[in-house]
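Worksheet for the structure shown next.
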Amino acid sequence: MPHRPPTDPTAPASPAGAVGQADSFDIVVDGRPAPYGLRLGRAAVVVVDMQNDFVSPGGSVEASGGDVTLVAALVEPIAHVLEAARGRGIPVVYLQHCYRPDLADLGPERGKNALIHRAARVGLPTEAPDGSPSRVLVRDTWSTRIVDRLAPRDGELVIPKTRFSGFHGTTLDEDLRRLGVRDLILTGCTTSVCVEATLRDAMARDYRALLLTDCVDEPQGRAHHDSTVALVESSLGWTAESADLCRALA
């Protein structure tokens with residue numbers, strides 16, 4: 001067997017616990033539980049469900065008495081991340097939770113997906129702020145459009161999904177692999193539901209996921225947000241704040 005030098009316990013670990021040396025990464029982000037090494041040519045930012053129904057005044061969440069304040073506060077931090085990422089040639093991919101007008105993709109009537117979304121009034125006719133007709137969580141309406149401040153640019157991927165995970169029943173994995181992406185930067189809503197579901201599936205597919213903790217939030221309670229953050233750091237990926245990423249990209 002080839003000789004292997006003894007391990008030096010005082011030597012610094014490779015960024016993000018990755019195999020290989022630090023110089024295999026283009027930048028290193030100050031993350032947790034360890035620094036996160038990022039390869040610019042293999043990275044993408046994923047924006048999860050930042051659409052009018054969940055974020056905007058007049059959307060279905062607010063119309064049903066919910067508070068969109070926390071999620072709406074994510075818009076500016078995410079916008080700064082997108083600007084920094086685009087400036088370094090990192091692609092942006094949007095996930096959009098939406099259903100067909102006939103709701104045929106909602107799933108079995110007694111399935112949990114159908115039950116919770118019918119309780120959320122999926123398909124209900126409503127009115128956009130400009131007076132145009134819309135429908136709750138139905139594709140190609142104002143309700144499911146990405147908020148204007150984060151609007152996709154020409155050529156950027158917008159992937160519709162009908163379940164919490166962005167990988168379930170979509171082309172997300174295929175599209176990311178086609179782009180050569182293996183490092184994912186996760187933003188959007190909500191922390192413990194669609195973001196966590198997408199991040200779990202990313203980890204299972206061997207993507208290296210970085211969760212930006214100030215670019216996700218949880219209207220169901222801070223404990224849910226904190227639990228997801230702790231779980232990501234212990235088992236699923238890495239976390240950082242957007243300022244740390246933007247600083248590294250600059």
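Values quoted throughout were computed directly from the atomic coordinates according to the rules given, and no laboratory measurement underlies them. Only a predicted model underlies this, so the values are computations on that prediction, with no experimental measurement involved. Virtual Cβ from ideal backbone geometry, glycine too; neighbours counted across all protein chains shown.
The distance between label points at ARG205 and GLU127 comes to 4.1 nm (points 7 Å beyond Cα on the Cα→Cβ vector). Its residues counted as N, the range 38-249 yields a C-alpha radius of gyration over 2.2 N^0.38 Å of 0.97. Springs between Cα atoms under 10 Å define the GNM used for the chain, and in it the highest mean-square fluctuation of ASP105, ASP130, ASP49 occurs at ASP130.
With neighbours defined as other Cβ atoms within 10 Å of a residue's Cβ, the residues THR69, THR239 order from fewest to most as THR69, THR239.
For the range 189-246, applying the loop criterion from DSSP together with a ceiling of 16 other beta carbons within 10 Å to the trypsin sites (Lys or Arg not before Pro) yields ARG205.
Charged side chains reduced to their Cβ positions (Lys and Arg at +1, Asp and Glu at -1) give the chain a dipole of some 640 debye around its Cα centre. Working ranking of peptides 41-48, 81-88 by packing, defined as the average number of other Cβ atoms within 10 Å per residue, highest first, is 41-48, 81-88. Counting other Cβ atoms within 10 Å as a rough exposure proxy, the listed residues CYS194, CYS215 run CYS194, CYS215 from fewest neighbours to most.
Ranking of ILE185, ILE27 by neighbouring Cβ atoms within 10 Å, starting from the fewest: ILE27, ILE185.
Apply the a/c threshold of 1.5 to the C-alpha gyration tensor of the range 54-113 and tell me whether it is rounded, prolate or oblate. Here the range 54-113 falls in the oblate category.
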